[in-house]
Amino acid sequence: MKAVMFDTFGDPEVLHLADVPLPDPGPGQVRIRVQASGVNPVDSAIRSGAMQAIFPTALPKIPGVDVAGVVDEVGEHVTDVAVGEPVVGWADPPAGSYAEYALASQIARIPTGLSFADAATLPTAGEAAKRGLDLLGVRAGETVVIHGASGSVGTIAVQLAVARGATVIGTASEDNQDYVRSLGAIPVLHGEGLVDQVRASSRQVDAVLDVAGKGALPDSIVLRGGTDRIITISDPAAGELGVTFSAGTPKDWSTGDLAGLAELAARGDLTTTVAGTYPLERAADAQRVSQAGHVRGKLVLTP
């Protein structure tokens with residue numbers, strides 16, 4: 001099968017297309033004929049070697065986690081899905097989802113009306129969004145600032161927070177202000193003047209979720225008057241500032257939560273935004289765009 005690989009850490013140019021053996025599903029696994037693979041910012045960080053301390057990666061490596069496609073073969077003890085069913089989930093390591101086929105053990109059925117590309121926007125972003133809001137304890141009547149509100153995680157986090165009854169202030173670039181507003185948040189520009197903008201929009205900030213990692217933590221501390229109830233999933237400066245850094249692991253993956261998000265998206269009650277699609281051979285281009293930031297929603301690879 002065709003798969004994207006990297007044999008050394010570095011810039012997007014280290015990604016290349018290769019022929020690799022077709023994987024066989026083990027007990028509890030299914031093999032998925034991939035129709036869409038989500039491109040996450042963490043994919044670029046792993047490829048560059050920047051995440052070695054958090055996610056040790058052995059080389060060569062097929063990147064990618066989010067996968068949507070059709071069950072091609074089932075392993076032993078798999079009884080809840082059958083060959084031919086459309087599913088979405090997380091590719092099992094060590095191999096990833098930037099390939100024609102991937103193995104997975106944590107999956108949910110894709111409901112009727114939800115495309116493979118839209119389904120692929122959900123696993124990692126949905127898990128990270130819910131994890132962040134849960135850790136912060138965001139509840140009805142509170143005001144939460146979400147940095148990076150127009151990205152893949154931010155898009156879902158804004159909507160989940162609004163559904164909880166919270167007021168959301170979402171930071172984003174000028175081009176994405178209307179998009180953030182359409183998700184139900186009060187949009188503000190990130191960068192210089194952020195504190196004044198937020199204070200003009202709300203009397204009190206109860207919690208801050210940073211999913212962008214663009215240096216907004218110092219302003220967040222000012223807004224909160226300390227480091228309590230601030231979480232970042234992206235900014236490595238968190239430790240120096242005394243802010244909680246939350247890195248998701250496979251233990252955090254929930255097929256029940258994923259199935260719920262997929263149902264909401266299929267009904268039109270959750271906005272999923274595919275920012276662009278790229279063939280496997282252009283994975284380097286997709287990661288280059290992703291790591292540049294300002295992506296509205298999620299980039300997706302297709303075989």
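Of all residues in region 160-201, those satisfying the criterion of being out of contact with any helix residue (DSSP H, G or I) (no Cβ under 9 Å at 6 or more places or on another chain) and among the hydroxyl-bearing types (S, T, Y) are S173, S182, S201.
The residues in region 177-193 that are open to solvent by 20 Å² or more (accessible area, probe 1.4 Å) and in contact with a strand residue (DSSP E or B) (Cβ under 9 Å, 6 or more places away or on another chain) can be counted, and the count is 10. When the test is whether a residue is modelled with pLDDT under 95, in a helix (DSSP H, G or I), open to solvent by 60 Å² or more (accessible area, probe 1.4 Å) and not hydroxyl-bearing (S, T, Y), D196 passes it.
Just one of the listed residues (L223, L299, L209) is part of a helix (DSSP H, G or I), open to solvent by less than 50 Å² (accessible area, probe 1.4 Å) and modelled with pLDDT of 90 or more, namely L223. Examine region 234-241 for a residue that is loosely packed, with under 14 Cβ neighbours inside 10 Å and either in contact (Cβ under 8 Å) with a residue 40 or more places away in the chain or of a type in the set (F, W, Y) (or both), and state whether such a residue exists. For region 234-241, residues loosely packed, with under 14 Cβ neighbours inside 10 Å and either in contact (Cβ under 8 Å) with a residue 40 or more places away in the chain or of a type in the set (F, W, Y) (or both): absent. Being within 19 Å of R131 (Cβ to Cβ) and touching a Gly at 6+ places or on another chain (Cβ under 6 Å) is not true of L217. Do you know which residues across region 150-176 are outside any strand (DSSP E or B), farther than 19 Å from D257 by Cβ and touching a strand residue (DSSP E or B) at 6+ places or on another chain (Cβ under 7 Å)? Across region 150-176, the qualifying residues are S150, E174. Select from region 246-296 the residues that are among the β-branched types (V, I, T) and within 15 Å of I110 (Cβ to Cβ) and write down the one among them that is least open to solvent (accessible area, probe 1.4 Å). Result: T272. Scanning region 45-79 for residues that are in contact with a strand residue (DSSP E or B) (Cβ under 9 Å, 6 or more places away or on another chain) and farther than 30 Å from D235 by Cβ, we see that the one that is most open to solvent (accessible area, probe 1.4 Å) is E73.
Scanning region 80-92 for residues that are in contact (Cβ under 8 Å) with a residue 24 or more places away in the chain and either open to solvent by 50 Å² or more (accessible area, probe 1.4 Å) or in a strand (DSSP E or B) (or both) turns up P86, V87, V88, G89, W90, A91. Would it be correct to say that T121 is within 14 Å of the chain's Cα centre (by Cα), part of a loop (DSSP other than H, G, I, E, B) and of a type in the set (S, T, N, Q)? Yes.
Matching residues to (1) at pLDDT 95 or above; (2) over 20 Å from the mean Cα position of the chain (by Cα); (3) not in a strand (DSSP E or B):
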| position | (1), (2), (3) |
| --- | --- |
| V4 | yes, no, no |
| R31 | yes, yes, no |
| E73 | yes, yes, no |
| P94 | no, no, yes |
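Test V153 against the criterion of being in contact with an Asp or Glu (Cβ under 8 Å, 6 or more places away or on another chain), under 21 Å from I230 (Cβ atoms), at pLDDT 95 or above and open to solvent by less than 30 Å² (accessible area, probe 1.4 Å), and give yes or no. In short, no.
Looking across region 161-176, the residues that are at pLDDT 95 or above and either among the aromatic types (F, W, Y) or surrounded by fewer than 21 Cβ atoms within 10 Å (Cβ to Cβ) (or both) come down to V162, A163, R164, G165, T167. So, G126, is that one buried (at least 24 other Cβ atoms within 10 Å of the Cβ), outside any strand (DSSP E or B) and modelled with pLDDT of 95 or more or not? So G126 fits the description; yes. Would it be correct to say that A18 is outside any helix (DSSP H, G or I) and farther than 17 Å from Q106 by Cα? So A18 fits the description; yes.
The values are calculated or read from the model by the stated rules, or taken from the named source; none is laboratory data. Keep in mind it's a predicted model, so treat the numbers as computed, not measured. Please note: Cβ atoms are built from the backbone with ideal geometry, for glycine as well, and neighbour counts cover all protein chains shown. Remember, those area values only see protein heavy atoms, side chains included, never the ligands or the DNA or RNA. Shrake-Rupley method; radii C 1.70, N 1.55, O 1.52, S 1.80 Å.
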